[in-house]
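The structure appears below as structure tokens.
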Amino acid sequence: MMPFTPVSLPPVALLVDGENMSKDFAEALLREAETFGIPTVRRVYGKSEHIMGWEDFGFRLVPTRPGKNAADMLLCVEAMSLALKQQFQTLLIASSDRDFSYVAEHLRELGHHVVGMGEKKAPQAFRKSCSGFVEMPASSPIHEIPVEAKKAPSAVNKSKAWIVQKIKAVIKESSDIEGWATIQSMGQLLSSKHGIDLKDTGKERWRPFLECYAADFECGPKGPNARVRLKP
């Protein structure tokens with residue numbers, strides 16, 4: 001069961017290419033989606049026989065008609081409708097297919113926050129067309145926690161949403177008059193006050209993690225004294 005999410009967070013749309021992503025990723029995708037807001041729209045597209053089981057995780061099944069790339073085209077059409085007609089500012093597209101580069105690029109240019117969510121095999125064309133990209137595990141979905149990890153609950157329970165909230169808190173505490181804090185001091189405070197390390201983010205450096213949440217954080221120029229601040 002998904003944990004309760006405060007209603008003050010913005011609604012987001014999570015659209016899944018069911019011909020490309022396995023339902024084994026359903027829980028992991030939902031957890032990642034919650035770091036951007038409340039996934040009020042959760043849809044998975046594909047042939048009926050390929051998307052069975054997603055409904056067990058609260059997704060709406062959107063079966064496609066016969067035809068080449070039918071799931072891709074319908075997902076793109078509905079993404080544009082959600083953005084332009086229903087005014088969703090953040091859209092999450094779960095796939096490792098480069099064909100979604102076009103819709104991601106177009107929505108981004110219109111001012112929407114588009115987050116790609118795919119496996120390691122996802123091409124750079126799709127990754128770079130999005131506002132940010134979240135790489136999902138290729139062989140063992142997040143919800144299948146290894147036995148070794150179960151012995152360390154403190155590390156397992158550090159969700160991305162929780163880390164983002166702590167980052168916001170330490171930036172507010174350590175920022176200058178213009179709201180800037182150095183990324184280095186931010187990392188030190190996260191470690192000393194909350195026990196959060198880079199390994200908890202799945203990234204090798206803090207900046208790539210912050211850039212995944214471009215709707216929340218603004219990063220300054222790169223360098224030893226690189227800074228970050230909260231977006232209004």
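The values are calculated or read from the model by the stated rules, or taken from the named source; none is laboratory data. Model, not experiment: these values are computed from the prediction. A quick note on method: Cβ atoms are made from the backbone with ideal geometry, for glycine too, and the neighbour counts reach across all protein chains shown. In case anyone asks, the SASA skips ligands and DNA or RNA and just uses the protein heavy atoms, side chains included. Shrake-Rupley method; radii C 1.70, N 1.55, O 1.52, S 1.80 Å.
For region 169-186, which positions are assigned to a helix (DSSP H, G or I) and open to solvent by 60 Å² or more (accessible area, probe 1.4 Å)? Residues satisfying the conditions are Lys172, Glu173, Gln184.
Region 1-91 holds strands (runs of 3 or more DSSP E) entirely within its bounds, and those carrying 1 or more residues that are of a type in the set (Lys, Arg) map to 38-46, 60-63. In this structure, does Leu189 turn out to be open to solvent by less than 50 Å² (accessible area, probe 1.4 Å), at pLDDT 90 or above and among the aliphatic types (A, V, I, L, M)? When the stated conditions are applied, Leu189 does not pass them. Within region 198-230, restricting attention to residues that are farther than 14 Å from Ile183 by Cβ and in contact with a Ser or Thr (Cβ under 8 Å, 6 or more places away or on another chain), which residue is most open to solvent (accessible area, probe 1.4 Å)? This residue is Ala215. Scanning region 125-144 for residues that are at pLDDT 90 or above and either surrounded by 19 or more Cβ atoms within 10 Å (Cβ to Cβ) or over 16 Å from Arg108 (Cα atoms) (or both) yields Phe126, Ser129, Cys130, Ser131, Gly132, Phe133, Val134, Glu135. Gln89 meets each of the listed conditions (1) among the polar types (S, T, N, Q); (2) surrounded by fewer than 19 Cβ atoms within 10 Å (Cβ to Cβ); (3) closer than 13 Å to Asp17 by Cα; (4) touching a strand residue (DSSP E or B) at 6+ places or on another chain (Cβ under 8 Å) apart from (3).
If you filter region 31-67 down to residues that are among the aliphatic types (A, V, I, L, M) and open to solvent by 10 Å² or more (accessible area, probe 1.4 Å), you find that the one that is farthest from the chain's Cα centre (by Cα) is Met52.
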